[in-house]
Structures are given as C-alpha cells and as structure tokens.
Amino acid sequence: MCIKEMAKTEDLKKSRYGRVSNKKKFNEELNLSLGESYQKMNLILNKKSNGKSSPTVLNNSNNDQKNGFTIGDMVWAKTGKYPLWPGIVILDPETNKFTKKNNMVPMLHIYYCNDSYRRNWIKTKQIIKFSSKEIILAENPKLLTQISRSKLKLKWNQAVEEAECLAAMNKDQRISSFFADNFSDANSTLADKAGPSTERTIPNQQPIEKNQPTEKNYNGDRLLDGSNHEEQMLIENDSKEKDLKDHPRYLIPQLCRLFYSKELVTGTGGGISIKYNDQIFIAPSGVQKERIQPDDLFVQNLDGEDIIVPPPEKKLSKSQCTPIFMCSYYERNAGAVIHVHSSKAVKLCLLNPENEVKITGLEMIKGIFNEQTRKFYDNDEELIIPIIENSKYEKDLVDTFKMALTKYPSTSAVLVRNHGMYVWGSDWKLAKTQSIRML
C-alpha cells in the first residue's frame, strides 16, 4: 500500500475534530475476531429494532468476563416465581449491550427460548450454565414438581427441546438459527415434536391481544416487552374471561369506577392497591378514578422496587398512598388496601373528637372482620376504628398509622381526620365489602 493510501485510511478513522475514533477501531478488530457470525447478528438485531442504531457488542472488560458468559451462550434463567427457563445471551437492541449493572448488581440480557422473542435483564446470580433436561431436573428436584403443577409444562418442554437443539450448534449457527423465521425448518425434529406452537415471529410484528397491557419499562428482573412472565402466561394459557377479570390489571380500574359511582373516591383522590403473588399493583396518582386504564398501573415488589411502570408518554406518578399501602402489607399481611376519600369519613371524624370511633348494634358490622379474633363481628359486639391526625404528605402518616395498628390489633381500618380512611382485607373482596359497610 502506498503512503498516500495509508494516510487516507488513517483519516477515515479520525473524527471531524481530528481525534482517532476508538469505536471504529474496536469494531474493526471485533469484525476480524468474530467474523461472519458477528455481521449476521448485527444485521438481524438491527432489523428487530426497526432500523435503530446498529447494535455493537459491549466491550468485554474484566468485569464482564467475571460473569463467565458471552454472547451466544445458552443458559438457565430464574425470574420471580417463574420456573427456570432456558435462554440465550444476546445483545439488548435498545442499549446495544448484553451486560450491565443495576444498583451495582451485574445483569445479563437474555432472550427466552420458545417464548415469542421475549427478553429480560436477569441478575447473574439467577443465571446458570445451560445443561440438559435430565441434569437440570436431577440438580433441582423441586423444579419437576413446579413444572408438573404448572400450566406451562408443554411450553417449558418445548423450550428445553429448542434450547438443546441450539446448544448442539456452534455460536455462529446458534445465533442465526435462534433469530431465523424458519427455525423449525432448520430443526425438523423439534418442529415435529413441538408442533405449530414453536413457530416464531419477529418481535415487532407480534399481534397485540385486545386489552392486553403493553409496558416497556424495566427495573429489576422483569420482562421489557409488554408484561412480566406471569401476567403474560395468564393471558396466553387461560382464555377464560373470569381469569382476566380477577387480575389486578383489570380489577383496579373496575373498582375505581365502582367507588367513584358510590362517592367513596372523588376526582383524583383516593387509591387502591392489590397484592398479586409477590407483586404489588398500585393505582396512579393524579388520574380521574373513573378513567383509569389497565396500563396506568404501577407494579412493584415487596421491597418497594418498581417492576413495571406505565408508558413514559403518559407521565404518571405512583400513588402518594403507597407508604401506607406497604405498611398494611407488612404489618397486617393484607391482600388489598383501599384509601377512601369520602365526605362520610370526614363527617365521622368531626362527630368524634376523640381518637376512635365506637360502633355497636348495627347489622352492617357483621361484614367487618376482627383481625385479632380472626372472625367477623356480631352485631352486638363493639367495633372500634382508630382515628389519626392528618398531615401534609401521606408518607408522614406512616408512624402514627403503625402506632394505631399496634394499639388496635382488632381493627381493619384507620380513619385519617379531615381526610379519609384506609381499609384493608385478606383479599380485594373483603377490602371492598368493608369499605362500603363502614361508610
């Protein structure tokens, strides 16, 4: 190569400010080391991300190497209460990375097998190297029981078969085959066993079910593509309308409309939260209660960490009642908590200047649960509801709220003077019933 040509090549590597581009240099070296498979993977992932910036592999620093996994590795990943699921380590098309740290916790980006290209950031401590079905079941005896009782047994077995086929390939073939639309053609044995359910489509072309929530936010160890595993599997594996109606995504908007019609909440005031497995569903703040939609809800874990949040374009914030909701879950093991903004609750406090309300002789109290005796009140018993003083912010009520729970172990409600009332129950039905009967 002549001197002029060499100088021209060097100029191409420089930015408009004359600096050498490390990114260009790194990509050239990476292309040479990974060859054709890297170029194919970039092309495929770029198509999946609707032509967004072409993904590049995260620079493998020492921290990444400590994880022991690289792009194309087959793994077993654990997410929440969902069973161990086979997957493959692949770049996140949005961040162009396959590894990151969330609050100093190392994580890997995983695509799940036989799961319609659903993907997730998983903590590395929840990921193990892929092994055969026989080995993983032998090493995790409880997994067999979990799968046997699950409606996902067929889907899980098909995912494992797909993973075993991929694991038998080299990384070049594995990545290409995983994202190929005709994956079943390349693995005819798997297709014959699994049937049409293994048919794969490009993520951006997946049909969205009617009324299905589509969150795309992530914090922790949940899916990024429209719902977490448990919510999505409920929709996919239970076509019964009843199952959807009993899910918090649909219950909370329905209950908000009911309470609005009964004047237990007004405008944006009040709130509802329901515990579903280990997830806490919370209505948003600042939204007219009769107009709340399923994808307006916030979902967090029992540690108070957000799992799913509404679409960013909605600009919603979590209910200010959240600290009291969580206190009810911690202190009373509640299944649902309702914050009532009712003029009746305010009047009740005005008529009782003391720190409690005593009710007896009313038939309605037979529907109120005594948390101490673990049975419902009789109409000749005395129901006592504590009253705490109001504060400017809900979070400032937590200490006095806890004190009321300690002093009144039988209560399933706390009045907040000149404000409203918090009512809870073992499930949403009891919480709803008690909210209506008390007022």
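Just one of the listed residues (Ile282, Ile292, Ile274) is crowded, with 20+ Cβ neighbours inside 10 Å and either among the hydroxyl-bearing types (Ser, Thr, Tyr) or in contact (Cβ under 8 Å) with a residue 60 or more places away in the chain (or both), and it is Ile274.
In region 106-127, how many are farther than 16 Å from Ala163 by Cβ and open to solvent by 10 Å² or more (accessible area, probe 1.4 Å)?
5
Among the residues in region 368-388, are any in the same structural domain as Gln434 (by the TED database), touching a residue at least 60 places away in the same chain (Cβ under 8 Å) and among the hydrophobic types (A, V, I, L, M, F, W, C)? The answer is yes, given that some residue of region 368-388 is in the same structural domain as Gln434 (by the TED database), touching a residue at least 60 places away in the same chain (Cβ under 8 Å) and among the hydrophobic types (A, V, I, L, M, F, W, C).
Would region 420-438 turn up any residue that is without any contact (Cβ under 8 Å) to a residue 60 or more places away in the chain and closer than 16 Å to Tyr330 by Cβ? Within region 420-438 (the criterion being without any contact (Cβ under 8 Å) to a residue 60 or more places away in the chain and closer than 16 Å to Tyr330 by Cβ), the answer is no, since none of the residues qualifies. When Ile122, Ile110 are screened for being in contact with a strand residue (DSSP E or B) (Cβ under 8 Å, 6 or more places away or on another chain), closer than 23 Å to Asp278 by Cα, free of Cβ contacts under 8 Å to residues at least 40 places away in the same chain and not assigned by the TED database to the domain that holds Gln279, only Ile110 passes. Selection over region 406-436 of residues that are open to solvent by less than 10 Å² (accessible area, probe 1.4 Å) and either in contact with a Pro (Cβ under 6 Å, 6 or more places away or on another chain) or closer than 17 Å to Thr373 by Cβ (or both) gives a count of 7.
Taking (1) closer than 16 Å to Gln434 by Cβ; (2) open to solvent by less than 50 Å² (accessible area, probe 1.4 Å) in turn, Met326 satisfies each apart from (1). Just one of (1) open to solvent by 40 Å² or more (accessible area, probe 1.4 Å); (2) hydroxyl-bearing (Ser, Thr, Tyr); (3) within 15 Å of Val75 (Cα to Cα) trips up Thr95, so point out which. (3) is the only condition that Thr95 fails. Strands (runs of 3 or more DSSP E) fully within region 307-426 that include at least 3 residues being over 26 Å from the mean Cα position of the chain (by Cα) and among the aliphatic types (A, V, I, L, M): 383-388, 413-416.
The values are calculated or read from the model by the stated rules, or taken from the named source; none is laboratory data. For clarity, every value in this text was computed on a predicted model and none was experimentally measured. Because the Cβ atoms are built from the backbone with ideal geometry, glycine has one as well, and the counts that use them run over all protein chains shown. What goes into the accessible areas is simple: the full protein's heavy atoms, side chains included, and nothing from ligands, DNA or RNA. Shrake-Rupley method; radii C 1.70, N 1.55, O 1.52, S 1.80 Å.
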